[in-house]
1. Using a 1.4 angstrom probe, figure out how much accessible area the chain has per residue, in square angstrom, rounded to the nearest whole.
2. With no solvent and one point on each alpha carbon, what is the Debye value of log10 I(q)/I(0) for the chain at q = 0.27 Å⁻¹?
3. Could you look at the chain and say what percent of its accessible area is carbon and sulfur, using a 1.4 Å probe and all protein chains?
4. If you fit an axis through the alpha-carbon atoms of helix 18-40 and take the longest principal axis of the Cα set of the chain, what angle between them do you get, 0 to 90°, nearest 10?
Amino acid sequence: MLGVYTIVQTGRYGWGSAHTVALAALAALLLAGFVLRQARAASPLLPLRMFRSRNASGPTSSRS
């Protein structure tokens, strides 16, 4: 959610502002921490192996 907030607030602060850069760095750090924690957990909330599947990690098409 911090990453979304950061992107939404760029209209107010700008992409190069200290506010935006600091929050983006914090969001990236938190995401990396989550991924590391899930990689080591015995029962993860989000099994990282699901991203190996192109069907699960790629865009889906709604073509008929």
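The values are calculated or read from the model by the stated rules, or taken from the named source; none is laboratory data. If you're wondering where the values come from, they're calculated on a predicted model, not measured in any experiment. Only protein heavy atoms, including side chains, enter the accessible area calculation; ligands, DNA and RNA are left aside. Shrake-Rupley method; radii C 1.70, N 1.55, O 1.52, S 1.80 Å.
1. Using a 1.4 Å probe on heavy atoms only, each residue of the chain averages 87 Å².
2. Normalising to I(0) and taking log10 leaves -1.02.
3. 62
4. Rounded to the nearest ten degrees, it is 20.
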